[in-house]
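The values are calculated or read from the model by the stated rules, or taken from the named source; none is laboratory data. Keep in mind that this is a model prediction, so the values were computed, not measured. Cβ: placed from backbone, ideal geometry, glycine included. Neighbour counts: every protein chain shown.
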């Protein structure tokens, strides 16, 4: 009985195992053929060398993007934009004006604010004098814008700032004495334009 049982199991499972094996071999062969077909066709589509390249989401060469961020000083730009907005003849020389302020360690806005109060940014100054600051009641004549900026900055530094006269209210009695008697409109004007230049 045992032999019949084992024979029966053999005749049932042997053909089943053989069928599964043959099906597996056929499937492997079919997959290889399918793969070869895909390889041959993907070479024709988009120049891909393998089927994976055809469906690849990433490019074969990844480029990088880099950008350098540099910081700069906005103060000369503020001066230039302010002068341009007000149609000042000093506008092309804004950087030289800023450099003079830096050289003498002045508030970068001070020279411009005084020029705004004294001559509407040089639009109401003696022709060809480059004197926008009312130096010597407008009698001083400078050779150029650069000469004017240098002299004005140096005078403000040595005769005012170094003497402890820092704010427009402190500078006014020495720079514009008649304004003191009128309640200080010069200092108010300079302070107003210092605020505008922030």
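Considering (1) in contact (Cβ under 8 Å) with a residue 24 or more places away in the chain; (2) more than 34 Å from the chain's Cα centre (by Cα), say which one residue 184 fails and leave the rest.
Every condition holds for residue 184 apart from (1).
Table: residues versus (1) outside any helix (DSSP H, G or I); (2) at pLDDT 95 or above.
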position	(1), (2)
100	no, yes
108	yes, no
136	no, no
141	yes, no
180	no, no
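Among the candidates 148, 153, single out the residue that is free of Cβ contacts under 8 Å to residues at least 40 places away in the same chain and assigned to a helix (DSSP H, G or I).
The unique qualifying residue is 148.
Just wondering, is there one or more residues in segment 139-149 that are out of contact with any helix residue (DSSP H, G or I) (no Cβ under 8 Å at 6 or more places or on another chain) and over 24 Å from residue 102 (Cβ atoms)?
So far as segment 139-149 goes, yes, one or more of its residues are out of contact with any helix residue (DSSP H, G or I) (no Cβ under 8 Å at 6 or more places or on another chain) and over 24 Å from residue 102 (Cβ atoms).
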